[in-house]
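The values are calculated or read from the model by the stated rules, or taken from the named source; none is laboratory data. Quantities reported herein were computed from a predicted structural model and do not represent experimental measurements. Methodologically, a virtual Cβ is constructed for each residue, glycine included, from the backbone with ideal geometry; neighbour enumeration extends over all protein chains shown.
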Amino acid sequence: DGGITQSPKYLFRKEGQNVTLSCEQNLNHDAMYWYRQDPGQGLRLIYYSQIVNDFQKGDIAEGYSVSREKKESFPLTVTSAQKNPTAFYLCASSLETANQPQHFGDGTRLSIL
Amino acid sequence: AQSVTQPDIHITVSEGASLELRCNYSYGATPYLFWYVQSPGQGLQLLLKYFSGDTLVQGIKGFEAEFKRSQSSFNLRKPSVHWSDAAEYFCAVDRMNYGGSQGNLIFGKGTKLSVKP
(Lines give C-alpha, C1' and ligand atoms only; values in the text may rest on other atoms or scores of the structure.)
Protein backbone atom coordinates (compact mmCIF):
# COMPACT_ATOMS: atom_id res chain seq x y z
CA ASP A 1 0.00 0.00 0.00
CA GLY A 2 1.15 3.52 -0.72
CA GLY A 3 1.76 5.95 2.04
CA ILE A 4 4.10 8.22 3.91
CA THR A 5 6.69 6.82 6.29
CA GLN A 6 8.26 8.95 8.98
CA SER A 7 11.14 7.70 11.03
CA PRO A 8 12.00 7.41 13.79
CA LYS A 9 8.74 7.64 15.75
CA TYR A 10 10.57 8.97 18.81
CA LEU A 11 13.82 10.92 18.76
CA PHE A 12 15.92 12.36 21.53
CA ARG A 13 18.45 15.09 21.07
CA LYS A 14 21.09 16.59 23.28
CA GLU A 15 21.30 20.33 23.35
CA GLY A 16 23.60 21.67 20.64
CA GLN A 17 23.11 18.71 18.32
CA ASN A 18 21.55 18.66 14.90
CA VAL A 19 19.09 15.87 14.17
CA THR A 20 17.48 14.74 10.93
CA LEU A 21 13.94 13.45 10.62
CA SER A 22 13.16 11.17 7.72
CA CYS A 23 10.10 11.36 5.47
CA GLU A 24 9.57 9.00 2.54
CA GLN A 25 6.50 8.67 0.32
CA ASN A 26 5.59 6.16 -2.36
CA LEU A 27 2.44 7.93 -3.54
CA ASN A 28 4.21 9.55 -6.48
CA HIS A 29 3.23 12.94 -5.08
CA ASP A 30 4.93 16.07 -6.34
CA ALA A 31 4.60 18.21 -3.23
CA MET A 32 5.82 17.54 0.28
CA TYR A 33 5.49 19.47 3.53
CA TRP A 34 6.82 19.62 7.07
CA TYR A 35 4.70 20.81 9.99
CA ARG A 36 5.37 21.31 13.64
CA GLN A 37 2.60 20.57 16.13
CA ASP A 38 2.56 21.87 19.69
CA PRO A 39 -0.32 21.35 22.14
CA GLY A 40 -3.06 23.88 21.50
CA GLN A 41 -1.22 25.42 18.54
CA GLY A 42 -2.48 23.38 15.62
CA LEU A 43 -0.07 22.70 12.78
CA ARG A 44 2.46 25.28 11.68
CA LEU A 45 4.22 25.02 8.35
CA ILE A 46 8.02 24.76 8.47
CA TYR A 47 9.01 24.11 4.85
CA TYR A 48 7.38 22.81 1.69
CA SER A 49 8.57 21.61 -1.68
CA GLN A 50 6.67 21.59 -4.95
CA ILE A 51 9.30 19.83 -7.07
CA VAL A 52 12.64 18.13 -6.71
CA ASN A 53 15.55 20.44 -5.88
CA ASP A 54 13.25 23.27 -4.89
CA PHE A 55 11.66 24.22 -1.57
CA GLN A 56 10.17 27.24 0.17
CA LYS A 57 10.12 28.49 3.73
CA GLY A 58 6.92 28.25 5.65
CA ASP A 59 5.81 30.25 8.66
CA ILE A 60 8.42 28.98 11.14
CA ALA A 61 11.50 28.00 9.12
CA GLU A 62 14.12 29.47 11.46
CA GLY A 63 16.33 26.78 12.96
CA TYR A 64 15.33 24.17 10.39
CA SER A 65 16.69 23.03 7.04
CA VAL A 66 15.46 20.66 4.33
CA SER A 67 16.55 19.07 1.10
CA ARG A 68 14.62 17.56 -1.81
CA GLU A 69 17.06 15.53 -3.86
CA LYS A 70 14.54 12.83 -4.73
CA LYS A 71 10.82 12.99 -5.36
CA GLU A 72 10.18 10.38 -2.69
CA SER A 73 12.19 11.94 0.12
CA PHE A 74 12.03 15.20 2.07
CA PRO A 75 14.24 15.04 5.19
CA LEU A 76 14.05 17.74 7.83
CA THR A 77 17.07 18.77 9.90
CA VAL A 78 16.45 20.41 13.23
CA THR A 79 19.56 22.47 13.88
CA SER A 80 21.08 23.66 17.12
CA ALA A 81 19.78 27.11 16.22
CA GLN A 82 16.24 25.94 16.95
CA LYS A 83 15.93 26.92 20.60
CA ASN A 84 12.73 25.07 21.37
CA PRO A 85 12.76 21.92 19.25
CA THR A 86 10.62 19.71 21.47
CA ALA A 87 7.47 19.04 19.43
CA PHE A 88 5.60 16.58 17.27
CA TYR A 89 6.69 16.80 13.64
CA LEU A 90 4.42 15.81 10.79
CA CYS A 91 5.31 15.23 7.16
CA ALA A 92 2.70 15.38 4.40
CA SER A 93 2.48 15.10 0.65
CA SER A 94 0.00 15.92 -2.10
CA LEU A 95 -0.42 15.35 -5.81
CA GLU A 96 0.24 18.96 -6.62
CA THR A 97 0.26 21.99 -4.43
CA ALA A 98 -2.83 23.85 -5.60
CA ASN A 99 -6.03 22.88 -3.80
CA GLN A 100 -5.13 19.25 -3.24
CA PRO A 101 -5.69 17.45 0.06
CA GLN A 102 -2.57 16.44 1.90
CA HIS A 103 -1.74 12.94 3.09
CA PHE A 104 0.08 12.69 6.39
CA GLY A 105 2.62 10.42 7.97
CA ASP A 106 2.30 9.27 11.58
CA GLY A 107 4.76 11.81 12.91
CA THR A 108 8.02 11.96 14.85
CA ARG A 109 8.12 13.13 18.44
CA LEU A 110 11.33 14.98 19.20
CA SER A 111 12.47 15.54 22.78
CA ILE A 112 15.49 17.26 24.26
CA LEU A 113 17.56 15.39 26.80
CA ALA B 1 -3.56 37.77 6.48
CA GLN B 2 -5.67 34.68 6.10
CA SER B 3 -6.64 32.84 9.23
CA VAL B 4 -8.71 29.93 10.45
CA THR B 5 -10.47 30.03 13.80
CA GLN B 6 -11.85 27.09 15.70
CA PRO B 7 -13.57 28.73 18.66
CA ASP B 8 -13.98 25.59 20.73
CA ILE B 9 -10.83 24.08 22.22
CA HIS B 10 -12.58 21.10 23.78
CA ILE B 11 -16.08 19.68 23.36
CA THR B 12 -17.69 16.78 25.18
CA VAL B 13 -20.77 15.04 23.81
CA SER B 14 -22.64 11.91 24.78
CA GLU B 15 -22.49 8.90 22.53
CA GLY B 16 -25.41 9.00 20.13
CA ALA B 17 -25.82 12.77 20.38
CA SER B 18 -25.35 15.10 17.45
CA LEU B 19 -22.15 17.06 16.95
CA GLU B 20 -21.22 20.38 15.41
CA LEU B 21 -17.66 21.68 15.34
CA ARG B 22 -17.22 25.28 14.33
CA CYS B 23 -14.75 26.73 11.88
CA ASN B 24 -14.48 30.32 10.68
CA TYR B 25 -12.07 31.59 8.06
CA SER B 26 -10.96 34.96 6.84
CA TYR B 27 -10.64 35.40 3.09
CA GLY B 28 -12.48 37.64 0.64
CA ALA B 29 -13.17 35.11 -2.06
CA THR B 30 -14.32 31.53 -1.80
CA PRO B 31 -11.53 29.52 -0.23
CA TYR B 32 -10.70 25.85 -0.51
CA LEU B 33 -11.59 24.26 2.82
CA PHE B 34 -10.73 21.00 4.54
CA TRP B 35 -11.51 19.10 7.71
CA TYR B 36 -9.00 16.62 9.14
CA VAL B 37 -9.10 14.30 12.13
CA GLN B 38 -6.18 13.21 14.29
CA SER B 39 -6.09 10.36 16.78
CA PRO B 40 -3.53 10.66 19.61
CA GLY B 41 0.04 10.15 18.43
CA GLN B 42 -1.02 9.77 14.82
CA GLY B 43 -1.02 11.78 11.64
CA LEU B 44 -4.01 13.58 10.19
CA GLN B 45 -6.70 11.95 8.06
CA LEU B 46 -8.82 13.90 5.60
CA LEU B 47 -12.53 13.86 6.44
CA LEU B 48 -13.84 16.07 3.65
CA LYS B 49 -13.06 19.04 1.43
CA TYR B 50 -14.90 21.90 -0.23
CA PHE B 51 -13.76 23.53 -3.44
CA SER B 52 -16.95 24.79 -5.10
CA GLY B 53 -20.50 23.81 -5.97
CA ASP B 54 -22.90 22.27 -3.48
CA THR B 55 -22.32 23.93 -0.13
CA LEU B 56 -23.13 20.75 1.81
CA VAL B 57 -20.24 18.34 1.55
CA GLN B 58 -20.30 14.70 2.57
CA GLY B 59 -17.22 13.04 3.96
CA ILE B 60 -16.03 9.80 5.44
CA LYS B 61 -17.19 8.24 8.72
CA GLY B 62 -20.63 9.87 8.44
CA PHE B 63 -19.38 13.45 8.68
CA GLU B 64 -20.65 16.38 6.67
CA ALA B 65 -19.83 20.07 6.53
CA GLU B 66 -21.68 23.11 5.28
CA PHE B 67 -20.01 26.10 3.67
CA LYS B 68 -21.76 29.37 4.49
CA ARG B 69 -20.23 32.32 2.68
CA SER B 70 -22.33 34.90 4.55
CA GLN B 71 -20.94 33.66 7.87
CA SER B 72 -17.44 32.75 6.64
CA SER B 73 -17.99 29.37 8.20
CA PHE B 74 -17.41 25.73 7.39
CA ASN B 75 -18.86 23.80 10.31
CA LEU B 76 -18.46 20.05 10.65
CA ARG B 77 -21.46 17.96 11.71
CA LYS B 78 -22.38 14.40 12.54
CA PRO B 79 -25.93 13.30 13.43
CA SER B 80 -24.92 10.61 15.93
CA VAL B 81 -21.50 10.42 17.54
CA HIS B 82 -19.75 7.13 18.25
CA TRP B 83 -17.14 6.58 20.95
CA SER B 84 -14.55 6.02 18.20
CA ASP B 85 -15.04 9.62 17.03
CA ALA B 86 -13.10 10.88 20.05
CA ALA B 87 -10.11 12.66 18.52
CA GLU B 88 -8.86 16.10 17.61
CA TYR B 89 -10.37 17.83 14.60
CA PHE B 90 -8.66 20.44 12.46
CA CYS B 91 -10.12 22.84 9.96
CA ALA B 92 -7.78 24.08 7.23
CA VAL B 93 -7.88 26.55 4.35
CA ASP B 94 -5.77 26.70 1.22
CA ARG B 95 -3.44 29.67 1.53
CA MET B 96 -4.23 32.16 -1.20
CA ASN B 97 -2.44 35.21 -2.57
CA TYR B 98 -3.85 37.63 -5.15
CA GLY B 99 -6.46 35.06 -6.10
CA GLY B 100 -4.10 32.18 -6.52
CA SER B 101 -3.14 29.25 -4.35
CA GLN B 102 0.24 29.44 -2.65
CA GLY B 103 0.32 25.68 -2.48
CA ASN B 104 0.01 25.10 1.23
CA LEU B 105 -2.58 25.05 3.99
CA ILE B 106 -3.32 27.16 7.05
CA PHE B 107 -4.65 25.09 9.96
CA GLY B 108 -6.84 26.06 12.86
CA LYS B 109 -5.70 25.21 16.35
CA GLY B 110 -8.01 22.25 16.59
CA THR B 111 -10.97 21.09 18.64
CA LYS B 112 -10.58 18.09 20.89
CA LEU B 113 -13.69 15.91 21.01
CA SER B 114 -14.43 13.71 23.99
CA VAL B 115 -17.33 11.24 23.91
CA LYS B 116 -19.19 10.23 27.06
CA PRO B 117 -20.65 6.72 27.20
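Looking across segment B:44-57 at every residue that is in contact with an Asp or Glu (Cβ under 8 Å, 6 or more places away or on another chain) and closer than 17 Å to A:GLN100 by Cα, the one that is nearest to the other protein chains (Cβ to nearest Cβ) is identified as B:LEU48.
If you go through segment A:60-101 and keep only what is within 12 Å of chain B (Cβ to nearest Cβ) and closer than 16 Å to A:SER7 by Cα, you end up with A:PHE88, A:TYR89, A:LEU90, A:CYS91, A:ALA92, A:SER93.
The strands (runs of 3 or more DSSP E) found wholly in segment B:1-74 and carrying at least 2 residues that are over 13 Å from B:CYS91 (Cβ atoms) occupy B:10-14, B:56-58, B:64-68. All conditions but one from (1) more than 23 Å from A:HIS103 (Cα to Cα); (2) touching a residue at least 60 places away in the same chain (Cβ under 8 Å) apply to B:SER70; the one that does not is (2). Candidates in segment A:1-60 are the residues that are under 15 Å from the mean Cα position of the chain (by Cα), under 20 Å from B:GLY41 (Cα atoms) and among the basic types (Lys, Arg); of these, the one that is surrounded by the most Cβ atoms within 10 Å (Cβ to Cβ) is A:ARG36.
Yes or no, residue by residue, for (1) within 14 Å of chain A (Cβ to nearest Cβ); (2) crowded, with 18+ Cβ neighbours inside 10 Å; (3) closer than 21 Å to A:GLN100 by Cα:
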position: B:SER14; (1), (2), (3): no, no, no
position: B:GLU66; (1), (2), (3): no, no, yes
position: B:SER80; (1), (2), (3): no, no, no
position: B:ASN97; (1), (2), (3): yes, no, yes
position: B:GLY100; (1), (2), (3): yes, no, yes
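Can you work out which of the residues in segment A:1-53 that are in a loop (DSSP other than H, G, I, E, B) and of a type in the set (D, E, K, R) is nearest to A:GLN100 (Cα to Cα)? If we take residues in segment A:1-53 being in a loop (DSSP other than H, G, I, E, B) and of a type in the set (D, E, K, R), then A:ASP30 is nearest to A:GLN100 (Cα to Cα).
Among the residues of segment B:62-93, which ones are hydrophobic (A, V, I, L, M, F, W, C) and over 15 Å from the mean Cα position of the chain (by Cα)? Let's see the steps before the verdict.
Step one: filter segment B:62-93 for residues hydrophobic (A, V, I, L, M, F, W, C), giving B:63, B:65, B:67, B:74, B:76, B:81, B:83, B:86-87, B:90-93.
Residues satisfying the conditions are B:VAL81, B:TRP83.
Quick one: is A:TYR47 closer than 30 Å to B:ILE11 by Cβ, within 14 Å of another protein chain (Cβ to nearest Cβ) and at pLDDT 95 or above?
On the way: closer than 30 Å to B:ILE11 by Cβ: no; within 14 Å of another protein chain (Cβ to nearest Cβ): yes; at pLDDT 95 or above: yes.
Criteria not met by A:TYR47.
Checked against (1) more than 10 Å from chain B (Cβ to nearest Cβ); (2) part of a loop (DSSP other than H, G, I, E, B); (3) in contact with a Gly (Cβ under 7 Å, 6 or more places away or on another chain), A:ASP106 passes all but a single condition, namely (1).
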